[in-house]
Structures are given as C-alpha cells and as structure tokens.
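Any read-out appearing in this document is the output of simple, stated calculations on the displayed coordinates, not a laboratory observation. Small disclaimer: the values here were computed from a predicted structure and weren't measured. Note: ideal-geometry Cβ built from the backbone for every residue, glycine included; neighbour counts use all protein chains shown.
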C-alpha cells in the first residue's frame, strides 16, 4: 500500500514524541550507569532527567489537548481502540514514573537536584514507609509497565511499517 499523501502529526507533536523517547532512554542509561559504576553522579542525573521527563510529559499533554491529530489510518476497530488505550497508558505511566520517583526521594528526606540549577525541596514530612512504597511503585510496578508498553508501541509501529506497509511510521518522522 503506497500512499505518499499520508497525514503527519504536527511538528510540535513529533518533537514531543522523539524528545520523550530520548529523555526516557537517557534516564534509563543513567540508572544503569549508577547501578554498574556505583557513582552517585549518575543517580543525580537519573533524577534530574526523570523530572525533566515529568515536566516534558505535562507539556506534551497540553500540546496534545490543543493539537489536532491526523485522521486515523484504515484499520480494524479493535486495533484503533488498542492504539488509543496503549497511547493513553504510555502517557499516564510516563507521568507516573517520575512522579513516583520524586515522591520516593522527598518521603526519603532527600531533595532532588536539577542539574545543579535548582532543587526540588523536601515538601512533605519524611516517612520511610511511604518512601519504600513509592520505591516499589517506581521500580517494581511502573518500570515493567513502561517496558511492556514501549515494546508494544515499537512492535505495533514495526508491524505497520514492515507487514502492513501502510506508512504509519512516516506520520511521526
């Protein structure tokens, strides 16, 4: 199916999409470096990039509310519904993940430094049990969800690109 007139997402939506992916990747690399090199430098960067992702995703949601989506490609209704639900889930967990990380830090009594520019102070009464709760939420629940939904998202895009050949991926280039 060769369709050169396919409608693209707006430039702002494409920028939000790709920078979200980049911020997520950098945040993940920082925690891998922290775990494997045992340096607090990387956990600081992990937190700063995570908070950056949180604010970026909030801006992305605002952009999405004010930016018209291109018309959907022809596909079965169940695929369209699955697409909408999985995109909603990705947005939600990409906001929930850094929020849980922030709450883990502040309930642990630790402010979050943002690239040495400013700190998010401890704005709650420290509580170790709540810090552990948000740690478990951050690492044991939301992280596997991000992996699962990201794999689903990439897999669906590759399916459309290489099996259906409907140029779906060109809408986000």
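Within the range 82-118, work out how many residues are more than 19 Å from residue 58 (Cα to Cα), touching a strand residue (DSSP E or B) at 6+ places or on another chain (Cβ under 8 Å) and either free of Cβ contacts under 8 Å to residues at least 60 places away in the same chain or assigned to a loop (DSSP other than H, G, I, E, B) (or both).
Initial filter on the range 82-118 (more than 19 Å from residue 58 (Cα to Cα)): 82-83, 104-111, 113, 115-118.
Retained after the next criterion (residues that are touching a strand residue (DSSP E or B) at 6+ places or on another chain (Cβ under 8 Å)): 105-106, 111, 113.
With the extra rule that they be either free of Cβ contacts under 8 Å to residues at least 60 places away in the same chain or assigned to a loop (DSSP other than H, G, I, E, B) (or both), the set shrinks to 105-106, 111.
Adding up the residues that qualify gives 3.
Checking the condition surrounded by fewer than 15 Cβ atoms within 10 Å (Cβ to Cβ) and touching a residue at least 60 places away in the same chain (Cβ under 8 Å), which residue from 47, 8, 68 passes?
Working: 47 fails: surrounded by fewer than 15 Cβ atoms within 10 Å (Cβ to Cβ); 68 fails: touching a residue at least 60 places away in the same chain (Cβ under 8 Å).
Sole residue among the options that is surrounded by fewer than 15 Cβ atoms within 10 Å (Cβ to Cβ) and touching a residue at least 60 places away in the same chain (Cβ under 8 Å): 8.
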Check: Restricting the range 159-173 to residues that are in contact with a helix residue (DSSP H, G or I) (Cβ under 8 Å, 6 or more places away or on another chain) and assigned to a helix (DSSP H, G or I), which is nearest to residue 95 (Cα to Cα)?
Finding: 172
Notebook entry, point to check: Only one residue in 37, 25, 81, 53 is out of contact with any helix residue (DSSP H, G or I) (no Cβ under 8 Å at 6 or more places or on another chain) and under 17 Å from residue 147 (Cα atoms). Which one?
Noted result: 25
